[in-house]
1. Taking only the stretch 240-283 into account, find how many residues are open to solvent by 20 Å² or more (accessible area, probe 1.4 Å), hydrophobic (A, V, I, L, M, F, W, C) and under 8 Å from the mean Cα position of the chain (by Cα).
2. Listed residues Pro148, Pro165; which is at pLDDT 50 or above and closer than 12 Å to Lys281 by Cβ?
3. Quick check on Lys176: is it open to solvent by 20 Å² or more (accessible area, probe 1.4 Å) and either at pLDDT below 95 or among the acidic types (Asp, Glu) (or both)?
4. Does the stretch 181-196 hold any residues that are assigned to a helix (DSSP H, G or I) and over 22 Å from Ser143 (Cα atoms), and which are they?
5. Conditions first: (1) open to solvent by 60 Å² or more (accessible area, probe 1.4 Å); (2) touching a residue at least 60 places away in the same chain (Cβ under 8 Å). Asn355 passes all but one, so which condition is the exception?
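The values are calculated or read from the model by the stated rules, or taken from the named source; none is laboratory data. If you're wondering where the values come from, they're calculated on a predicted model, not measured in any experiment. Heads up, the Cβs are rebuilt from the backbone with ideal geometry, glycines too, and the neighbour counts pull from every protein chain shown. The area values use the complete protein model at the heavy-atom level, side chains included, leaving out ligands, DNA and RNA. Shrake-Rupley method; radii C 1.70, N 1.55, O 1.52, S 1.80 Å.
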Amino acid sequence: HRTTASTYPQGRERDAGMTSLAASALFSAPAAASAPAAVRLRSRSKMVTRPDVVSAAMAPNSASSSSSFRMPAGAASGSGASSSSSSSPRHFTSRSVSLRGGSVAARVSNSGLPASSSGGNNNNDNKGDDKKFSTPYSFLGLSTAEFPDGWKAPGARVAYTDSAPDLALMAWFMRKIAMAIDVPMPKNISYDEFIALCFLQMKGRDPDGQRDITLGIMRSLMPPGGDKVFRALFPTNKFSLELNGKITETVFAWMVGPMEVQSTVENDLGEEMFSRVHIQKCRWLQESGCTGMCVNMCKTATQDFFCNDFGLPLTIKPNFEDKSCDFYFGLTPPPIEMDEALTFGCTSTCSTAVNADVAGKPCHKLRKYEGPPIAAAGAGAK
């Protein structure tokens, strides 16, 4: 595919080629197929779109399932996502983390997220914090999230366009769940199918059973002795906590949507560091609407995995009202029985809700809260 100088300014053609090459390298796998998709190449001044060929998700190779994968054309999400528009405003933020004191040297620019009120550059300052915007995210910024006007409202929905690498991760994780709960692997790879599998994971299991399935999947990702290697490489210090925050920002994005690493002093070390990962609108919580799924299969399982297997403290704080969430690396969580997340109720957007949006009625899928009395929480109060 050849381009002209009018289409790509000087130097863009090289960057475009590198982006396409990196996407292909990430996605090469046995039994992979090719499908046309739009690879969006972005610069600080404009976004251009050109047709290209990117690889599709891995086909299953286990004898335990005979179902086949079928990738949606154009790598579009099955959760109602729409293709991004080149006319959507872009928001740029930029920050640096100094290498001094053992911190991670990192530079975050062109993140597409609105700058926070506490700092950062924003070339769309006339846009309010909850005005619509489009942002690239995940691997190489190939996925896109479209935030509507008023996206902070509980019922507002963010639309997603999944990239081929993200669909590959989604397919791989779906296969892990299907094998763990002994159900057929869905033929179509979409976020809707992923959420349907998560509800099947909950069916007939108590909170511990739901958590254990997720824990087992996480542990299956490690080679033998991997936990010991992790503990040796990542002791609880500023460098380790910031690095894990940066890794989470990219690797976990396919599941929860765009994230941003922020500075915080909420950690066991009492130091200011970039160890807070903020999810503006959790995709998993938006699509499932399920309080129990969030607490049992994400919050509890992930905290237990990092704290007990990796020896790295992690506290996850979901906000069920606006569907945002924060990961605090380096902060030891309370015992789950004492966690106030157990006081939150079902929401009306959950297909399995009981007493939805009733204040003081915890979700029926949660374990009993055994902590000190707190103000009654509704479906999402925090």
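1. Residues flagged as open to solvent by 20 Å² or more (accessible area, probe 1.4 Å), hydrophobic (A, V, I, L, M, F, W, C) and under 8 Å from the mean Cα position of the chain (by Cα) within the stretch 240-283 amount to 2.
2. Values: Pro165 fails: closer than 12 Å to Lys281 by Cβ.
Checking each option against the conditions leaves just Pro148.
3. On the way: open to solvent by 20 Å² or more (accessible area, probe 1.4 Å): yes; either at pLDDT below 95 or among the acidic types (Asp, Glu) (or both): no.
So Lys176 fails the test.
4. Of the residues in the stretch 181-196, the ones assigned to a helix (DSSP H, G or I) are 181, 191-196.
Listed by number, the list holds a single entry, Ile181.
5. (2)
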